[in-house]
Amino acid sequence: MEAGFPVGDVAEQGWATDGMLGYKKLWQSIDLVDHSRRGDVMSEINEGRWTAEIEGDFVVFLIGARINNKLQLIRSIKDLGGRKGMKYMLDYLTEHPEKGLLGYEMSFPVIVQYWRSFEHLEAFAKDADDPHLEPWRQFWRRVGKSGRTGIWHETYLVRDGEYEAIYGNMPPKGLGKASRLVRVGESSSARSRIRSAVK
């Protein structure tokens, strides 16, 4: 791994820590071949053109991490929560849909999350009974002013109808996993799908 190479949540993904296995995980993450399920992979493909439909406003939350010093890789893994890192939190949220996470896409090096509202996202971030607040505090205690591990996120509030998506010959992906997939015709355009945002 080159110094400064962004590796996302390496503690959970294993990309930077498993040698050749890490490259295999990276290869799988870009969906050239889907090894995540057994059986006929083609049965998971929605053939043709599809779009995502979701009622009401929602939130898109992007989050990632960066190992800034390869000589402190193990410390960075611990900085990011280790076994209590992002994957653990996402599993918890999946088991508790009332928390507001609609779905997520575990990609490299960015994790994309879809939330019902900013209020849900903020409540999860601040609730001491949920598995985020303490790892967040521990991160800053561990890292302090050291620059060995970087973290970042961006939050986007999406108003009802002000989005568009297209999926061609794909399994459920992105917003399509967090909402409802609807087949569209060949004449469907990005402008027609985004509806109220473009007049």
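The values are calculated or read from the model by the stated rules, or taken from the named source; none is laboratory data. Every value quoted in this text rests on a predicted model; they were computed, and no experiment measured them. All Cβ positions, even for glycine, are placed from backbone atoms using ideal geometry, and neighbour counts span all protein chains on display.
Flag: F118 matches the condition of being hydrophobic (A, V, I, L, M, F, W, C), surrounded by fewer than 19 Cβ atoms within 10 Å (Cβ to Cβ), within 25 Å of S179 (Cα to Cα) and within 17 Å of the chain's Cα centre (by Cα). Taking R193, is it more than 19 Å from the chain's Cα centre (by Cα), buried (at least 16 other Cβ atoms within 10 Å of the Cβ), in a helix (DSSP H, G or I) and not β-branched (V, I, T)? Considered against the rule, which asks whether it is more than 19 Å from the chain's Cα centre (by Cα), buried (at least 16 other Cβ atoms within 10 Å of the Cβ), in a helix (DSSP H, G or I) and not β-branched (V, I, T), R193 comes out as yes.
Restrict the check to the range 60-70 and report whether at least one residue is at pLDDT below 50, surrounded by 17 or more Cβ atoms within 10 Å (Cβ to Cβ) and under 14 Å from the mean Cα position of the chain (by Cα). Checking the range 60-70: not a single residue is at pLDDT below 50, surrounded by 17 or more Cβ atoms within 10 Å (Cβ to Cβ) and under 14 Å from the mean Cα position of the chain (by Cα). Taken over the range 175-188, the criterion of being in contact (Cβ under 8 Å) with a residue 60 or more places away in the chain and in a loop (DSSP other than H, G, I, E, B) is satisfied by S179, V184, G185, E186, S188. Figure legend. Inter-residue proximity from the range 160-174: first residues in contact (Cβ under 8 Å) with a residue 24 or more places away in the chain and under 19 Å from S189 (Cβ atoms), second residues part of a loop (DSSP other than H, G, I, E, B) and of a type in the set (V, I, T), beta-carbon distance below 7 Å, spacing 6+ or different chains. Indicated pairs: N169/I45; M170/I45.
For G81, state whether it is buried (at least 17 other Cβ atoms within 10 Å of the Cβ), at positive phi and not acidic (D, E). Yes: the conditions hold for G81. For the range 142-167, which positions are touching a Gly at 6+ places or on another chain (Cβ under 7 Å) and either surrounded by 15 or more Cβ atoms within 10 Å (Cβ to Cβ) or modelled with pLDDT of 95 or more (or both)? Hits for the range 142-167 are A165, Y167. Every test in (1) touching a Phe, Trp or Tyr at 6+ places or on another chain (Cβ under 9 Å); (2) within 19 Å of I54 (Cβ to Cβ) is passed by D79 save one, and that test is (2). Residue pairs whose Cβ atoms lie under 6 Å apart, sitting 6 or more positions apart in sequence or on different chains, and linking a residue in the range 104-130 that is farther than 22 Å from A52 by Cβ and of a type in the set (A, V, I, L, M) to a partner that is surrounded by 14 or more Cβ atoms within 10 Å (Cβ to Cβ) and at pLDDT below 95, are A125/H132.
The combined condition, being over 15 Å from the mean Cα position of the chain (by Cα) and under 27 Å from D160 (Cβ atoms), is fulfilled by D127.
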